[in-house]
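Quick notes on the structure that follows.
The values are calculated or read from the model by the stated rules, or taken from the named source; none is laboratory data. Note that this is a predicted model, so its numbers are computed, not measured. Using ideal geometry, Cβ is built from the backbone for each residue, glycine included, and neighbour counts are taken over all protein chains shown.
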Amino acid sequence: MKAAVGDRLVVPGRHVDDRVRSGEIVKVHGSNGAPPYLVKWAGQDEPALIFPGPDAHLERAPGRAETTAGQA
């Protein structure tokens, strides 16, 4: 996973009735867009440091090119 500031990190719920979590990446700590990410979750005041799991995906910031095959 390679992200940039402004992308949204989306994490689906793990159980029935769990909500999808979505937040804006405010800082990328890894090199070349790699995790960990500082994420400002919707509905929370403070950002959190996140190492996304395999079920998470990115929604690119408007105007940012999509990742090419093999670079996910």
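Restricted to region 12-36, and to residues there that are of a type in the set (A, V, I, L, M) and in contact with a Pro (Cβ under 7 Å, 6 or more places away or on another chain), the residue that is farthest from residue 55 (Cα to Cα) is 26. Of the residues that sit in region 29-48 and are out of contact with any strand residue (DSSP E or B) (no Cβ under 6 Å at 6 or more places or on another chain) and not small (Gly, Ala, Ser), which one is nearest to residue 1 (Cα to Cα)? Going through the qualifying residues, I end up with 35. When we screen 8, 14, 19 for residues that are touching a strand residue (DSSP E or B) at 6+ places or on another chain (Cβ under 6 Å) and either surrounded by fewer than 13 Cβ atoms within 10 Å (Cβ to Cβ) or at pLDDT 85 or above (or both), the only hit is 8.
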